[in-house]
Amino acid sequence: MSKKTPQAIRGTQDIFGPEAEAFAHVVETFERIRRLYRFRRVEMPVFERTEVFARSLGETTDVVSKEMYSFEDRGGESLTLRPEFTAGIARAYLTNGWQQHAPLKVATHGPLFRYERPQKGRYRQFHQIDAEVIGAGEPQADVELLAMADQLLRALGITDVTLHLNTLGDGASREAWRAALVEHFRAVRGELSEESQERLEKNPLRILDSKDPRDKPFLADAPKIDDFLSDEAQAFFAAVTSGLDAAGVKWVRAPALVRGLDYYRHTAFEFIPDAGSASAAALGAQSTVLGGGRYDGLIESLGGPPTPAVGWAAGIERLAMLVGAREEPRADAVIVVENDARLADAIALLGRLRQAGFASELLASGSPKKRFDKARKIPAHVLVSFPVAETGETIRLLGDGSPTAAALETLVRGR
């Protein structure tokens, strides 16, 4: 009986070719931008104790109750593949003594895991870039993170998106607003969607971003956060918006943009494609390109002292979709061996070119008669051939006339 070839697991992807180049371009651009802003690189475990995410994300959230990949290890401990970065970074901040570096600016990227329905731009194993500032309670930290995100998107050529910005106020402001929302929506509970009825008791703020037509009639006249902001909260938001204006970051107010968990404070934000734009068409219903906010209560929920923090994350797959497929960069040099007796010379030249920093490739397999034609099809600045020595010629060069080609030809001839 023949064995079937194993298939990829639903919700995962094998990335290759132009799509892989787009993915790599996003990561490389992120690494360049985070260095400009002096964010330290961190590497985090792919799994944590389940309680890290349960305590940080909330037991009642869909991520914890429905989407996490949790398992019991051989020691009987419940572990979870990370569904996001922030909780693990917050845990590391506490357990590794990173408080000594506060305010700590860190950035990372890598795979995350959520069991949800796969759809365009969303997978069960997906990848994100992430930036966090922990231990900074000043509005300038929010401004710096948002300026960094804005510069990253522009560096990727994604210019048809806009920063949507809101404030959730300080703890007292948020709680007063929450109580008013509960009172407002309880009066019409029977007319709300089933999802919003469930949210009313768990995360009433989330009703504000409901897309269900049954909820929309009750959203327009719902209490607004601005009516409950303390003087301190108003001053904080004003400092953020004036800082963004000074940094040249365009933004619009989005009063319905919320974060449901209680530890979120002050700034909440998302970069969203402009209506009718190419990015909006590419992403479809998955509209948010990059999002985040200030989570001043998270460290405390994990057993640490009250610690201000703010951060954002963006899906690499979504950004790569907006960047578009990218061809593999042109090689600096392709070396083709038409005369197998010259293979050692070709290998020696290949080594010198790579040591000098030139991306080079060697073609020395298959029919010697077909190698040259095959090599000419590889995009490169210079083609170096070791031909059959019928005329005494031992090497020939075909360059494209670029400065790179000129430098390569000088190096090859000066061997």
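No lab work stands behind these numbers, since they all come straight from the coordinates. Owing to the predicted nature of the structure, the values given are computational and were not obtained by experimental measurement. Neighbour counts run over all protein chains shown; Cβ positions are idealised from the backbone, glycine included.
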Links exceeding 29 Å between C-alpha atoms in this model, out of Lys3/Lys377; Lys3/Lys66; Lys202/Lys224, come to Lys3/Lys377; Lys3/Lys66
Taking a ≥ b ≥ c as the square roots of the Cα gyration tensor eigenvalues, with a/c under 1.5 meaning rounded and otherwise prolate when a/b beats b/c or oblate if not, the chain comes out prolate
Note, Asp160: beta-carbon cut-off 15 Å, +1 each Lys/Arg, -1 each Asp/Glu, net 0
If Ile89, Ile395 are placed from fewest to most neighbouring beta carbons inside 10 Å, the sequence is Ile395, Ile89
Place a point 7 Å from the Cα of Ala24 in the direction of its beta carbon; the residues of region 323-353 whose amide N falls under 17 Å from it are 323-334
Bridge orientation stat for region 331-413 from DSSP, antiparallel percent rounded to 5, came to 30 percent
Per the rule of 0.36 nm per residue minus the C-alpha distance, extending Ser78 to Lys374 adds in nm 101.1 nm
Straight-line reach check, Lys105, cutoff 18 Å on alpha carbons, 8 or more apart in-chain or any other chain, hits among aspartates and glutamates -> Glu31, Glu43, Glu84, Asp130, Glu132, Glu138, Asp142, Glu144, Asp150, Asp296
Trypsin sites (Lys or Arg not before Pro) in region 1-44 lying in a DSSP loop, each with at most 16 other Cβ atoms within 10 Å of its Cβ, come to Lys3, Lys4, Arg10, Arg38
Rounded to the nearest 500, the 222 nm mean residue ellipticity computed for the chain from DSSP H runs (n ≥ 4, each -39500 (n - 2.57)) alone is -11000 deg cm²/dmol
Zone reached by a paramagnetic label modelled 7 Å from Ala238 Cα along Cα→Cβ, restricted to region 156-179 with backbone N below 17 Å, covers 167-170
Final fewest-first order of Glu67, Glu328, Glu317 on the 10 Å Cβ neighbour count is Glu328, Glu67, Glu317
Assertion target for Glu31, Glu409, Glu327, ordered by fewest C-beta neighbours within 10 angstrom first, is Glu327, Glu31, Glu409
Relative to the chain, whose Cα atoms define the longest principal axis, helix 171-186 and its Cα axis are tilted in degrees, nearest 10, by 70 degrees
Percent antiparallel among DSSP beta bridges confined to the chain, nearest 5, equals 75 percent
The local net charge around Leu229, scoring Lys/Arg +1 and Asp/Glu -1 for residues other than Leu229 whose Cβ lies under 11 Å from its Cβ, equals -3
Measuring from the longest principal axis of the C-alpha atoms of the chain, the long axis of helix 231-247 (C-alpha) lies at a number of degrees, nearest 10, equal to 20 degrees
Of all chymotrypsin sites (Phe, Trp or Tyr not before Pro) in region 1-56, the ones in DSSP coil with at most 12 other Cβ atoms within 10 Å are Phe16
